[in-house]
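The next block holds one structure in the form of structure tokens; read it before the comments.
The values are calculated or read from the model by the stated rules, or taken from the named source; none is laboratory data. All of these numbers come straight from a predicted model, not from anything done at the bench. So basically every Cβ, Gly included, is an ideal-geometry build from the backbone, and we count neighbours across all protein chains shown. Please note that ligands, DNA and RNA were not included when accessible areas were found on the heavy atoms of the full protein model with its side chains. Shrake-Rupley method; radii C 1.70, N 1.55, O 1.52, S 1.80 Å.
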Amino acid sequence: MNAPATSPSVKGWCPGAHRPMLSGDGLVVRVRPFRAELSADQARGLCDLAERFGNGTLDLTSRANLQIRGVAEADHPALLAELEALGLIDQDPAVEGHRNILLDPNWATGDLTDRLYDALLSALPSLPDMPEKMGFALDTCRGGYLRDGSADFRFEISDDGGLILRADGCDAGRPVTEAAAIDALKDMAEWFVSTGGRDAGRMARHLKTVSLPAEWQTTPPRSAATDVSPGAAPNGTVLGAAFGKIDTTALRDLLNDTGAEQMRLMLGRMFWLRGGRAPAPSQHFVFEGGDPILKAHACPGAPFCPQATVETRSLATRLAAQTDHVLHVSGCSKGCALPRACAVTLVGRDGAFDLVKNGAPWDIPSQTGLAPDTISLKDL
């Protein structure tokens, strides 16, 4: 039997603004915009900071955050001060480290999702101490849009329109009222910690060995919503970014040319320019919903990440058109670009790739030692 890929160094936490992570090209500083939205001025300011302190690009992550890469350690305090001036970070590092909140991008000021966001933000300091990788989903507009997003505690809508709280890894959740929603969340978080969840690190992983109370699993969520794809959208345009890489000059030009008022970050490494004019086509962004590059996921790979021994994105670009399924090319078995199972996963190990079919990067591969130049999905 083939052995799983060599275990990389797992940090157990994600980079943040206050707590960046050292990578092969310097510090990775993650910015979690409040409500996953930036004003046009904030977006331009972030472009300026990526050019001044980083490598001139922004990374749009799988959790709809933005990252500045290549930051020198000596420059981190100055960058932090600039991010605070833009209103993009929390003053409390502990809160910022746990503010992993996914929102349906269709939220509107004052609606249920917006109100739950405010309530959750206020409650974060009072939740029990949990791993910083854990997160929350507010899938309370149409319902089902965030089903594939990385979150452990999910507020969702049931078929009858009611609000439920569902633990990731369970098929059904617990009906709650808006007024009782945060208390129910605290109950679930306390249960997670008291039953040893911190050792598992994530809710779904914990539930493979420990059963959630039956009364918290009574009501299934609404069926998954139709996927959003690049193209015209209400009050704006949705665009994609291949592998989440955004050239700052191109983004600044896009904002200026369209006169967009806001930029909402979305799953699938897409963003929604709201307000202004429709953008002109550009090679820097994905404008068509059928573009296969949006089904291809790849981390920066070598030499940008010290965990990786392979270059990833050129291979992912070449293979993207060879499949209608989701493709993941990962520099190591951590699988940062897509930390879940998909149809085809190629995992870097010692300069070559292992193949995992219908599995996650850390699963046992069906083939090992594949040379990058010889890989063709038609042959696998």
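Numerical summary
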read-out: Rounded, prolate or oblate (a/c below 1.5 giving rounded, otherwise prolate when a/b exceeds b/c) for the range 100-159 by Cα gyration tensor; value: oblate
read-out: Nearest-20 debye value, the range 169-208 charge dipole, Cβ charges on Lys, Arg, Asp, Glu; value: 240
read-out: Spread of Cα-to-Cα distances over 10 Å intervals beginning at zero, given as percent, for the range 314-380; value: 23, 63, 14
read-out: When each of Lys245/Lys357; Lys186/Lys208; Lys295/Lys378; Lys133/Lys334; Lys133/Lys357 is checked by Cα-Cα distance, pairs over 23 Å; value: Lys245/Lys357; Lys133/Lys357
read-out: Protection proxy ranking, peptides 31-39, 175-183, average beta carbon neighbours within 10 Å, highest first; value: 31-39, 175-183
read-out: Cut-off 9 Å between beta-carbons: net charge of the residues surrounding Leu66, Lys and Arg +1, Asp and Glu -1; value: +1
read-out: Ordering of 100-107, 72-79 by packing [mean C-beta count within 10 Å, highest first]; value: 100-107, 72-79
read-out: Relative contact order of the chain, defined on C-alpha pairs under 8 angstrom at six or more residues apart (%); value: 16
read-out: Built amide H within the under 5 Å cut-off of Met130, gap 5+; value: none
read-out: Accessible area in square angstrom per residue, the chain, 1.4 angstrom probe; value: 42
read-out: Relative contact order of the range 1-152, defined on C-alpha pairs under 8 angstrom at six or more residues apart (%); value: 23
read-out: Vicinal HN-Hα couplings computed from phi for the range 234-246 (Karplus, 6.51 cos²θ - 1.76 cosθ + 1.60; Hz; Gly/Pro x); value: x, 6, x, 9, 9, 10, x, 10, 4, 6, x, 7, 10
read-out: Gyration tensor (alpha-carbon) shape descriptor, the range 186-305, a/c threshold 1.5; value: prolate
read-out: Positive minus negative residues near Gly110 (Lys, Arg vs Asp, Glu; Cβ under 14 Å); value: -2
read-out: Rounded percent of accessible protein surface that carbon and sulfur make up, the chain, 1.4 Å probe; value: 50
read-out: Heavy atoms of Tyr145 accessible to a 1.4 Å probe, total area in Å² rounded to 10; value: 30
read-out: Three-way shape call for the chain based on the alpha-carbon gyration tensor, with the a/c threshold at 1.5; value: rounded
